[in-house]
1. When the residues of segment 116-130 are filtered to those that are touching a residue at least 12 places away in the same chain (Cβ under 8 Å) and in a loop (DSSP other than H, G, I, E, B), which remaining residue is least open to solvent (accessible area, probe 1.4 Å)?
2. Step by step: first the residues of segment 201-213, then only those that are in contact with an Asp or Glu (Cβ under 8 Å, 6 or more places away or on another chain) and surrounded by 23 or more Cβ atoms within 10 Å (Cβ to Cβ), then the one that is farthest from Ala138 (Cα to Cα). Which residue is that?
3. Test each condition in (1) in contact (Cβ under 8 Å) with a residue 12 or more places away in the chain; (2) surrounded by fewer than 21 Cβ atoms within 10 Å (Cβ to Cβ); (3) among the hydroxyl-bearing types (Ser, Thr, Tyr) for Thr149 and report the one that comes out false.
4. So which residues in segment 52-73 are under 23 Å from Cys20 (Cβ atoms), modelled with pLDDT of 95 or more and not hydrophobic (A, V, I, L, M, F, W, C)?
5. Tally up the residues in segment 100-110 that are touching a residue at least 12 places away in the same chain (Cβ under 8 Å), polar (S, T, N, Q) and open to solvent by 10 Å² or more (accessible area, probe 1.4 Å), please.
6. Considering only residues of segment 156-196 that are in contact with a Leu (Cβ under 8 Å, 6 or more places away or on another chain) and free of Cβ contacts under 8 Å to residues at least 40 places away in the same chain, which is farthest from Leu118 (Cα to Cα)?
7. Of everything in segment 74-100, what is more than 23 Å from Tyr146 (Cα to Cα) and either in contact with a helix residue (DSSP H, G or I) (Cβ under 8 Å, 6 or more places away or on another chain) or β-branched (Val, Ile, Thr) (or both)? Give them in sequence order.
8. I'd like to check which helices (runs of 4 or more DSSP H) are fully inside segment 1-99 and have at least 1 residues that are open to solvent by less than 60 Å² (accessible area, probe 1.4 Å) and without any contact (Cβ under 8 Å) to a residue 40 or more places away in the chain.
Amino acid sequence: MQRNRGRPGAAQGPTAIRRCLYRLGITGLQHLTICDLGDVDATGDLETIHARQQALVARIIADGKLLISLGGGNDISFPDMAAMAAVAPPPPLAINIDAHYDVRADQPANSGTPYRQLIEAGLIAPQRYWVCGAQPFANAPAYTEYLRTRGATIIELNTARHYGVADTMRSLLATSDAGSIGWGFDLDVVQVAEAPGVSAPNPLGMRGDELVALATLAGAEPRTRLIEFSELNPQYD
């Protein structure tokens, strides 16, 4: 997050998430086998860490497992989605549940650049990049133009909420030819009253129950190969 000038602390997110998850019940999930693979080695620069993570994610997805990836910063979307695109059934669809587009033209790469990296590298076709929950005040007009001229799908929060956030996504999925789907849940899409501990607090975001409905949809979708949660900053929550 320091590259992107956000509030540092998301590196402790995976440990904080696990600590809470291990205290929850598993009613309805007894038929699932869940394995915690631990943390990716975070030594070296961001590009080295990404290469390490991409190789690991590719092995897990190629083995037929559904991967839940915990961040950390939203920069994890680049290695995660790149790995899925390389080994999962084509064509890949990337869905970013986020207040931000994450297609900034920054150098070096950071948590604001992952989907631009994926598009520019030809790993995800721009028409198979969807961002849901976007807020106009959180994105520069140049990046709106960048996505719209390339055929990406932008679903602003007000539009999704008008039709029902989960229902909007369900309708879109019914028309998609994707062979595999990766979901990126950036927790700063949620309003700050319910998600204060993020790197970029959102005053007018999605409600927690709307995020849960989308996560439930992601888990039930048979083409889902990857679900990631990023930007939890436990120093503030």
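1. First pass over segment 116-130, keeping only residues touching a residue at least 12 places away in the same chain (Cβ under 8 Å): 116-119, 121, 123-130.
Those left that are additionally in a loop (DSSP other than H, G, I, E, B): 121, 123-125.
Working: Ala121: 64, Leu123: 62, Ile124: 3, Ala125: 33 Å².
Per the stated criteria, the residue is Ile124.
2. To start, the set of residues in segment 201-213 that are in contact with an Asp or Glu (Cβ under 8 Å, 6 or more places away or on another chain) comprises 201-202, 205, 207-208.
Those left that are additionally surrounded by 23 or more Cβ atoms within 10 Å (Cβ to Cβ): 202, 205.
On the way: Asn202: 9, Gly205: 11 Å.
Once the filter is applied, the top-ranked residue is Gly205.
3. Checking Thr149 against (1) in contact (Cβ under 8 Å) with a residue 12 or more places away in the chain; (2) surrounded by fewer than 21 Cβ atoms within 10 Å (Cβ to Cβ); (3) among the hydroxyl-bearing types (Ser, Thr, Tyr), the one that fails is (1).
4. Answer for segment 52-73, where residues must be under 23 Å from Cys20 (Cβ atoms), modelled with pLDDT of 95 or more and not hydrophobic (A, V, I, L, M, F, W, C): Gln53, Lys65, Ser69.
5. 0
6. Gln191
7. Looking only at segment 74-100, we keep the residues that are more than 23 Å from Tyr146 (Cα to Cα), and these are 83-84, 86-90.
Within segment 74-100, Ala83, Met84, Ala86, Val87, Ala88 qualify.
8. On the way: elements: 13-21, 46-62, 77-87.
Fully inside segment 1-99 and qualifying: 46-62, 77-87.
The values are calculated or read from the model by the stated rules, or taken from the named source; none is laboratory data. Predicted, not measured: the structure shown is a model, and the values here were computed from it. Don't worry about glycine lacking a Cβ; one is built from the backbone with ideal geometry, like all the others, and counts go over all protein chains shown. The accessibility values were calculated without ligands, DNA or RNA, using every heavy atom of the protein model including side chains. Shrake-Rupley method; radii C 1.70, N 1.55, O 1.52, S 1.80 Å.
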